[in-house]
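Values in this text are rule-based calculations from the coordinates and carry no lab data. As the structure is a computational prediction, the values presented were derived from the model and not from experiment. Note that we place each Cβ from the backbone using ideal geometry, even for glycine, and neighbour counts take in every protein chain shown.
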Amino acid sequence: MKKIIFLLLFVCFSFSFSQNKDDKRYFPVEYILKTSSDTIKTKIRNVGKFSNTKYYVATVLLKMKMRDSSGAETWVEPKDVEYIKITDENNTIHEYYASAGKMVFDNGFVEILYEGKNMNWYRFFPHGGLKFVGTDFLIDGRNRKIINESGFFNPSLKNSLKVRFAAYPDLLAMIDSWKTDDDLLKILQLYDKKVG
C-alpha cells in the first residue's frame with residue numbers, strides 16, 4: 001500500500017512539474033492578422049537562442065506556434081501578421097509591425113524604437129531565413145526617406161548623424177560618447193525638441 005501511495009505521489013509530482021516547464025516556453029501574445037482587424041489574444045511558443053524560457057526574436061521570424069486557453073494549437077506564418085505584441089519572461093513588451101506600412105520593405109517586421117516629428121528609428125527583421133539580427137534604419141519623419149541604414153557594410157551611422165546635427169554642438173558631443181540604444185534614443189529626443 002505504501003508503494004502504491006508513493007508511486008501515485010511521484011506521478012502527480014512529475015506531472016505537475018512537467019506542466020510548469022511547458023508553460024514557461026509559451027509567452028502571452030496579442031496579434032492582428034492582415035486579413036482581419038480582430039485582436040487575437042493567446043500564447044506563443046518561444047524559440048529561444050540558448051533556452052526556450054528566454055525570449056528571442058526568432059519567435060516571431062519563423063513559423064509561429066500559438067496555443068489558446070483550451071490547449072488547441074495553430075501555426076501562423078509571419079507574413080500573415082500585421083501586428084504582434086509579446087510579453088516575455090521579464091514582463092518586457094516586444095511589439096512588431098508588418099514592415100510594409102512603415103518602410104519600403106514588405107517582407108519582414110519592424111520594431112519601432114523611436115518615432116518623432118523629424119526622425120524615426122526602426123529595427124527591421126526579415127521573415128524567414130536564418131538572419132535573426134535586426135538592421136537599424138533612421139528615417140526622415142517628414143518625407144519617409146531612409147537617412148541611414150546600419151549594418152556590417154554601413155557602420156557610418158555616427159558620421160551621418162554628425163553631418164545632420166552639425167548645427168548642434170551639444171548633440172555632436174553626445175554622438176561621440178554614444179554607446180547604447182538608450183543613448184541614441186536620448187539624442188533623437190533632444191533633436192526633436194530642438195528642431196520642433
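Are there any helices in the chain, counted as whole DSSP H runs, that stretch 20 Å or more along their axis by Cα and score at least -0.5 on average by Kyte-Doolittle, and if so which? Mind showing how you got there, number by number?
On the way: long enough: 2-24 (33 Å, 0.40); 181-195 (21 Å, -0.44).
Those that pass (Cα extent of 20 Å or more, hydropathy at least -0.5) are 2-24, 181-195.
Couplings for segment 108-122, taken from phi via the Karplus curve 6.51 cos²θ - 1.76 cosθ + 1.60 with θ = phi - 60°, read x, 10, 10, 9, 7, 8, 6, 10, x, 6, 9, 8, 10, 10, 10 Hz in order; Gly and Pro are left as x.
Straight-distance candidates among the lysines for linking to Lys145, with alpha-carbon spacing under 27 Å and chain neighbours fewer than 8 residues away dropped: Lys34, Lys79, Lys85, Lys102, Lys117, Lys131, Lys158, Lys162, Lys179, Lys186, Lys193, Lys194.
Seen from Leu62, the other residues with C-beta closer than 11 Å to its C-beta sum to a net charge of +2, counting Lys and Arg as +1 and Asp and Glu as -1.
For the chain, the Cβ-based charge dipole about the Cα centre amounts to some 400 debye (Lys, Arg positive; Asp, Glu negative; other atoms uncharged).
A Förster distance of 22 Å, applied to the separation of the beta-carbon atoms of Ala58 and Asp182, puts the FRET efficiency at 0.40. Alpha-carbon geometry of the chain: the Rg and the Dmax are 21.9, 85 Å, given in that order.
A dipole drawn for the chain from +1 and -1 charges on Cβ atoms has a positive end, and of Tyr83, Leu171, Val47 the residue lying farthest that way is Val47. Annotation for segment 41-77: chymotrypsin sites (Phe, Trp or Tyr not before Pro) lying in DSSP loop with at most 11 further Cβ atoms inside 10 Å of their Cβ are Phe50. Here the Gaussian network model covers the chain, with springs between Cα atoms less than 10 Å apart; of Lys34, Lys179, Lys79, Lys179 fluctuates the most. Cα-based values for segment 22-98, radius of gyration first and Dmax second, are 11.4, 35 Å. Assuming R0 = 35 Å, what is the FRET efficiency of Trp75 and Ile112, from their Cβ-Cβ distance, to the nearest 0.05? Here the calculated transfer efficiency is 0.85.
Which residues among segment 168-196 fall inside the zone where the amide N is under 16 Å from a point 7 Å beyond the Cα of Arg142, along Cα→Cβ? Under 16 Å, as judged by backbone N against the label point of Arg142, lie 191-196 of segment 168-196.
Within the listed set Met119, Met64, Met174, the Gaussian network model of the chain (springs between alpha-carbon atoms below 10 Å) gives the highest mean-square fluctuation for Met174.
Of the beta bridges DSSP finds with both residues in segment 108-195, what % are antiparallel, to the nearest 5? Please report the intermediate quantities before stating the final value.
Numbers: 16 of 16 bridges.
Rounded to the nearest five, the antiparallel share is 100 percent.
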